[in-house]
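To start, the structure under review is shown below, and the notes come after it.
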Amino acid sequence: MKKKLYKAKSVNEAIKKGLKDMDIDRNQAEINIIEQGNKGFLGLIGKKKAEIEIIVEDDPVTKGKDFLENLFSKTNIDVDIEVKEAETNQEQVVYDLHSPDLGIVIGRRGETLDALQYLTSLVVNKNTEQYYRIIIDAEGYRDRREKTLERLAHKLAQKAVKKGRKVVLEPMPPHERRIIHITLKKDSRVKSYSEGEEPFRKVMIETID
Amino acid sequence: MEELVEVIAKNIVDQPKKVETALRNDDGVIVIELSVADDDMGKVIGKQGRIARAIRKVVKASATKEGKKVELKIK
């Protein structure tokens with residue numbers, strides 16, 4: 001967030017001056033009028049300059065990147081943060097992390113990556129009206145994990161059908177459970193649902209009789 | 001290590017100036033004590049401890065890299 005004060009003869013002039021100086025448009029800024037200003041009597045007595053304050057919020061992409069860079073600078077882990085411009089838009093910001101310590105950055109079943117993603121989302125969406133979805137990937141880990149989960153879903157559905165009983169999966173975070181559910185929607189032999197409390201919530205696969 | 005906790009906490013609370021950390025060694029385990037303004041407690045703990053859990057995960061990752069054992073206490 002950037003904050004600056006400007007003075008001029010009138011409020012309008014002060015705003016114009018400020019926007020030009022900060023190189024932004026009117027709709028990007030929050031403007032507070034501190035002093036209306038007064039032309040004074042005959043332009044002499046009681047003359048006062050108008051004063052305004054311009055506040056500009058950092059854009060979400062920069063906010064998230066700054067936070068992650070700041071965070072990793074306090075660790076011994078070397079991380080390069082790439083903004084995935086093609087997938088970033090008005091609703092979401094996507095980062096891809098590169099590091100020689102990729103395993104640590106991702107964590108067991110992506111737990112560290114999920115934690116980083118959640119914290120960054122809190123930081124980016126703090127004090128903002130619009131909500132931005134934050135996605136943090138690490139050298140394509142999320143895609144690879146999705147494929148793995150799809151394969152796992154098919155394999156366990158097969159097992160449920162073959163053995164004719166319920167199959168219980170290991171606890172998984174919500175977005176991973178979702179991948180299992182979506183995959184099995186296409187399999188008419190089984191149904192899937194989740195049971196238990198976070199973070200131990202598990203997917204169950206059952207045959208449809 | 002406590003700087004890492006500070007960076008995270010200061011970025012998610014409303015009163016960053018009230019964020020404090022203390023460090024102590026408890027039998028080879030590094031204990032980081034985090035304190036924030038009373039009104040900000042919810043901001044570092046979260047619903048069902050979700051935020052605290054995320055902070056601990058990141059701290060643990062950093063500790064793993066350094067080959068240390070770290071525990072985070074919030075008070």
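None of the figures in this text is laboratory data; all of them are computed from the coordinates on show. Since this is a predicted model, take the numbers as computed values, not measurements. We place every Cβ from the backbone using ideal geometry, glycine too, and count neighbours over all the protein chains shown.
The table below lists the values:
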| read-out | value |
| --- | --- |
| Sequence-separation-based contact order of chain A, relative, with Cα cut under 8 Å and 6+ spacing, percent | 13 |
| Percent of Cα pairs exceeding the 20 Å cut-off, where the set is chain B | 24 |
| Distant-in-sequence amide H partners of A:Thr88 (H built 1.01 Å from N, under 5 Å) | A:Val94 |
| Whole-Å distance, taken between Cα centres, linking the stretch B:2-75 and the stretch A:94-130 | 16 |
| Eligible lysines near A:Lys74 by straight Cα distance, threshold 18 Å, same-chain separation 8 or greater | A:Lys63, A:Lys65, B:Lys10, B:Lys57, B:Lys60, B:Lys65, B:Lys68, B:Lys69 |
| Per residue, the convex hull volume that the Cα atoms of the stretch A:22-83 enclose (Å³) | 131 |
| Lysines whose Cα lies under 28 Å from that of A:Lys162, excluding same-chain neighbours fewer than 8 positions away | A:Lys147, A:Lys185, A:Lys186, A:Lys191, A:Lys202 |
| Calculated FRET value between A:His98 and A:Ile24, using beta carbons and R₀ = 45 Å, to 0.05 | 0.90 |
| Overall Cα dimensions of the stretch A:115-181, principal axis frame, Å, largest first | 52, 24, 17 |
| Normalised per residue, the volume of the convex hull around the Cα set of chain A (Å³) | 170 |
| Relative contact order %, chain B, counting alpha carbon pairs below 8 Å whose residues are six or more apart | 33 |
| Overall Cα dimensions of the stretch A:143-207, principal axis frame, Å, largest first | 29, 26, 15 |
| Along each principal axis, Cα extent of the stretch A:2-56, largest first, Å | 36, 16, 14 |
| Under 28 Å from the Cα of A:Lys39 - lysines, other chains or at least 8 residues apart | A:Lys3, A:Lys4, A:Lys7, A:Lys9, A:Lys16, A:Lys17, A:Lys20, A:Lys47, A:Lys48, A:Lys49 |
| Mean projected area in nm² (Cα convex hull; one quarter of hull surface) for the stretch A:60-139 | 5.0 |
| Other protein chain Cβ atoms within 10 Å, averaged over every residue that makes up B:2-8 | 4 |
| Electrostatic dipole magnitude of the stretch A:1-62 [Cβ: Lys, Arg +1; Asp, Glu -1; Cα centre; debye, to 20] | 560 |
| Options A:Leu156, B:Ala9, A:Gln90, ranked by Cα towards positive dipole end of the protein assembly as shown, top entry (Cβ charges) | A:Leu156 |
| Percent breakdown of C-alpha pair distances by 5 Å bin, ordered from the shortest bin, for the stretch A:1-115 | 2, 10, 14, 13, 11, 9, 8, 8, 7, 6, 5, 3, 2, 1, 0 |
| In degrees, nearest ten, helix B:50-66 long axis to first principal axis of chain B (Cα) | 30 |
| Nearest-0.05 FRET efficiency for A:Gln90 and A:Ile31, computed from C-beta distance (R0 35 Å) | 0.95 |
